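The values are calculated or read from the model by the stated rules, or taken from the named source; none is laboratory data. These numbers were taken from a predicted model, which means no experiment stands behind them. Don't worry about glycine lacking a Cβ; one is built from the backbone with ideal geometry, like all the others, and counts go over all protein chains shown. For the accessible areas, the whole protein counts, side chains as well, though only heavy atoms, and no ligand, DNA or RNA atoms are used. Shrake-Rupley method; radii C 1.70, N 1.55, O 1.52, S 1.80 Å.
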Amino acid sequence: MIVFGSSMSPFVRKVLAFAAEKGVAVDTRPTGLRSRDPAFLAASPFRKVPAMVDGDFALADSSAIVHYLEAKHPEPALIPAGARERGEVIWFDEFADTIVFNCFVKMFFNRIVGPRFMGLAGDEAVAAAAQADEMPPILDYLETVVPGDGFLVGSRLTLADLAVASPFVNLAHLDIAIDDTRHPKLKAYIDAMLARPSFAAMIGEERRILAA
Ligand SMILES: N[C@@H](CCC(=O)N[C@@H](CS)C(=O)NCC(=O)O)C(=O)O
């Protein structure tokens, strides 16, 4: 399976971690936001990453892709079948893709992507406001729902964990640490999730790129 995108994107990283947890081999095609690669454009009509091609089947959107993978490779199950658990997993996936992303991207774009990769001056006021005003309620909420030890939904790894943990890699790239006096459970949970091999290899590569 080919995945278009860079793991610097939390959406791409979520898909790559999900595939790794399932043992699905992925050929990652680094794809910039201005790519004109015809295979990418055919898979992603609005030029968003991630997109994928699996044989003669193409699909865009991280959530669409993980649901496709879950149906095609049911074991290990990462999206529960039970009504409540499935609802909760989809909530956390949506929460990560919307509320968390919309906050963290203001910091990541204005401090790293724009200045470092696009030759744009970042808007530090936007980044600082996101960090000061939008981020604390997100971390406060997560502190109330993460387990002291284990996983967000049920007692096993699910898409919820991969989706929520993924954007925290971007926070780490920004050198924003989770305050373990205010958010001790969240800090331990994110540290444990990002130490999983499915994330750790990508994070190492991302750090190498950012250090270059
Ligand atoms: N809902 C989509 C969001 C994908 C998305 O917005 N990706 C960003 C990168 S983080 C992108 O491709 N941006 C390029 C653009 O908007 O032109 C998903 O879950 O895959």
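Got a sec to turn the phi values of the range 152-157 into Karplus ³J(HN,Hα) couplings, 6.51 cos²θ - 1.76 cosθ + 1.60 with θ = phi - 60°, whole Hz, x for Gly and Pro?
Ordered by residue, 3J(HN,Hα) equals 5, 10, x, 10, 8, 4 Hz.
At 1.4 Å probe size, with every protein chain present, just tell me what the per residue accessible area of the range 83-211 comes to in Å².
48 Å²
About the Cα centre of the range 83-211, what is the dipole size in debye to 20, counting +1 per Lys and Arg Cβ and -1 per Asp and Glu Cβ, all else neutral?
320 debye
In whole Hz, what ³J(HN,Hα) sequence does the range 26-36 give by Karplus (6.51, -1.76, 1.60; θ = phi - 60°), x for Gly and Pro?
10, 9, 7, 9, x, 10, x, 5, 9, 4, 10
Expected output is a single nm value to one decimal: the length gained when fully extending between ASP149 and THR98, i.e. 0.36 nm times separation in residues minus the C-alpha distance. What is it?
Gain on stretching ASP149 to THR98: 15.8 nm.
If you stretched the chain out fully between VAL126 and ARG207, how much longer would it get, using 0.36 nm times the residue separation minus the C-alpha to C-alpha distance?
This chain segment gains 26.7 nm when fully extended.
Express the relative contact order of the range 56-212 as a whole percentage, based on alpha carbon pairs under 8 Å and six or more residues apart in sequence.
Dividing the mean separation by the residue count of the range 56-212 yields 23 percent.
What is the extension gain from ALA192 to PHE117, computed as 0.36 nm multiplied by their sequence separation minus the C-alpha to C-alpha distance, in nm to one decimal?
Full-extension gain reported as 24.0 nm.
Once a ≥ b ≥ c are taken as the square roots of the eigenvalues of the Cα gyration tensor of the range 2-72, is the result rounded (a/c under 1.5), prolate (a/b larger than b/c) or oblate (a/b not larger than b/c)?
It is prolate, given that a/c is not under 1.5 and a/b is the larger ratio.
Whole number in Å², please: accessible area per residue of the range 13-64, 1.4 Å probe, ligands, DNA and RNA not counted. Provide the component values of the computation, followed by the final result.
Values: 2740 Å² over 52 residues.
In whole numbers, the range 13-64 has 53 Å² accessible per residue.
Using the reciprocal of the averaged 1/r over all distinct C-alpha pairs, how large is the Kirkwood radius of the chain in Å?
Computed over Cα pairs of the chain, the Kirkwood hydrodynamic radius comes out at 17.7 Å.
Return the long-range amide H neighbours of THR28 (sequence gap of 5 or more, or a different chain), with a cut-off of under 5 Å between placed amide H atoms.
VAL3
Compute the signed sum of charges (Lys and Arg +1, Asp and Glu -1) over the other residues within less than 13 Å, Cβ to Cβ, of ARG86.
Local charge sum for ARG86: -4.
5 Å is the cut-off here: which amide hydrogens, built 1.01 Å from N in the peptide plane, fall below it relative to SER6, excluding neighbours closer than 5 in sequence?
Residues meeting the criterion, in which the H sits 1.01 Å from N, are THR31.
Just how large is the dipole of the range 2-72 about the Cα centre, in debye to the nearest 20, putting +1 at every Lys and Arg Cβ and -1 at every Asp and Glu Cβ?
Numbers: 9 positive and 7 negative charges, 62 e Å.
Once rounded to the nearest 20, the dipole reads 300 debye.
Could you look at the range 83-211 and say what percent of its accessible area is carbon and sulfur, using a 1.4 Å probe and all protein chains?
C and S fraction of accessible area: 58 percent.
Using θ = phi - 60° and the Karplus form 6.51 cos²θ - 1.76 cosθ + 1.60, what ³J(HN,Hα) does each residue of the range 6-14 get, whole Hz, x for Gly and Pro?
10, 5, 4, 7, x, 5, 5, 4, 4
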